[in-house]
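The values are calculated or read from the model by the stated rules, or taken from the named source; none is laboratory data. From a predicted model like this one, the values you see are computed outputs, not experimental measurements. As a convention, Cβ positions derive from the backbone with ideal geometry for all residues, glycine included, and neighbour counts pool all protein chains shown. For accessibility, only protein heavy atoms count, side chains too; no ligands or nucleic acids. Shrake-Rupley method; radii C 1.70, N 1.55, O 1.52, S 1.80 Å.
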Amino acid sequence: MNPSRARPTGPSEPDTPDEPVAPPRPGAPVGRPRWDVIAVVALGGALGSAGRYGLLVLWPHASDGFPWATLGTNLSGCALIGLLMRLITTHPAAHRLVQPFFVTGMLGGFTTFSTYAVETRSLLAADRPGLALGYLLGTLAGALAAVRLGIWAAERIRS
Amino acid sequence: MVLLGGAVGAVARFGVNWLVVRGSRPSPWATFTVNVVGSLLLGLLAGVGTALPGWVGTLVGTGFCGALTTYSTFGYETVRLAGTGPVGRGWALLNIVATLAVGLGVAALGWQLGRSF
């Protein structure tokens with residue numbers, strides 16, 4: 001047995017790690033999140049939620065009516081996440097707080113799944129199954145198209 | 001109330017994502033988890049309805065549940081999964097069906113539970 005294999009051999013070890021250091025995936029938090037990241041997520045979440053609440057107040061709907069405000073919120077948020085994520089991930093010099101603030105905080109706080117689920121349930125309970133299905137699938141199809149549109153727009157901007 | 005609930009909800013979602021990614025699971029698991037938990041809680045609040053003071057609905061419902069759950073990340077992750085080949089498209093479809101079916105199911109379940117209070 002070669003003893004140098006069994007034991008680390010001093011200061012040269014850290015320079016030759018066993019595994020190559022993988023670059024962090026975009027958006028993947030590595031290590032414990034820093035306080036400034038948590039703070040900008042909170043600030044962005046508060047602002048995004050206020051924007052969503054503002055639209056709900058401006059654009060109210062009855063429990064058996066079509067929830068236009070939530071649809072508008074979710075579709076515009078999806079277009080913006082496609083745009084911003086493509087811009088951020090292709091921009092090596094993007095500040096490290098840009099994604100936590102704008103994407104995780106603001107867009108995450110602005111768009112909502114829970115309201116969408118509860119509104120769909122309300123439409124079903126109000127005996128509007130066609131409207132409920134249209135809202136459920138219309139939001140989904142629109143959201144996926146909006147994300148793609150945002151990515152496409154970002155590519156246009158960068159080229 | 002909305003600002004406070006929104007701040008706490010966004011940080012909670014960020015925390016769940018951190019725990020899930022640290023546990024070497026892909027990020028859509030975190031998004032699925034927060035969307036299901038938030039839908040159950042908002043369904044419960046809607047079921048209890050006017051028996052609750054108005055500020056609870058604004059703080060916990062509009063603020064916390066709204067910010068905890070997200071459609072933008074769900075949409076973005078689904079599009080990204082679908083762009084990674086046939087296996088990814090399968091995962092994207094599963095992500096859609098599971099999130100919509102379970103999310104709507106727990107919202108209805110929460111509403112029923114809230115009603116019985």
Pairwise centroid distance, computed over Cα atoms, of the range A:57-90 with the range A:104-159, Å: 6
Return one whole number: the accessible area per residue of the protein assembly as shown in Å², for a 1.4 Å probe. 52
Quick one: how many Å² of A:ARG34 are accessible to a 1.4 Å probe, rounded to 10? 140
HN-Hα J couplings of the range A:40-50 from phi, Karplus 6.51/-1.76/1.60, θ = phi - 60°, integer Hz, Gly and Pro as x? 6, 5, 4, 5, x, x, 5, 5, x, 5, 4
Rounding to the nearest 20 debye, state how big the charge dipole of the protein assembly as shown is about its Cα centre with +1 on each Lys and Arg Cβ and -1 on each Asp and Glu Cβ. 240
Rounded to the nearest 100 Å², the accessible area hidden between A and B, summed over both chains at a 1.4 Å probe radius, is 3600
Could you derive backbone 3J(HN,Hα) for the range B:23-40 from the dihedral phi with the Karplus parameters 6.51, -1.76 and 1.60 (θ = phi - 60°), listing whole Hz in sequence and x where the residue is Gly or Pro? x, 6, 9, x, 3, x, 5, 5, 5, 4, 4, 5, 5, 6, 4, x, 5, 4
The helix B:2-22 Cα axis meets the longest alpha-carbon principal axis of chain B at an angle in degrees, between 0 and 90 and rounded to 10, of 30
Magnitude of the Cβ-charge dipole of the range A:34-158, K/R +1 and D/E -1, about the Cα centre, nearest 20 debye? 400
Tell me the relative contact order for chain B as a rounded percent, counting alpha carbon contacts under 8 Å between residues six or more apart. 41
Taking a 1.4 Å probe, which of A:MET106, A:MET85 shows the most accessible area, and what order do the others take after it? A:MET106, A:MET85
The range B:18-49 residues near the modelled B:LEU94 label - backbone nitrogen below 16 Å, point 7 Å along Cα→Cβ: B:25-33
State the answer as a single residue: which of B:THR69, B:THR33, A:TRP152 lies farthest towards the positive end of the charge dipole of the protein assembly as shown, with beta carbon charges of +1 for Lys and Arg and -1 for Asp and Glu, about the Cα centre. A:TRP152
Under the helix-only model (-39500 (n - 2.57) for each DSSP H run of 4 or more, divided by the residues of chain B), the mean residue ellipticity at 222 nm, to 500 deg cm²/dmol, is -25000 deg cm²/dmol
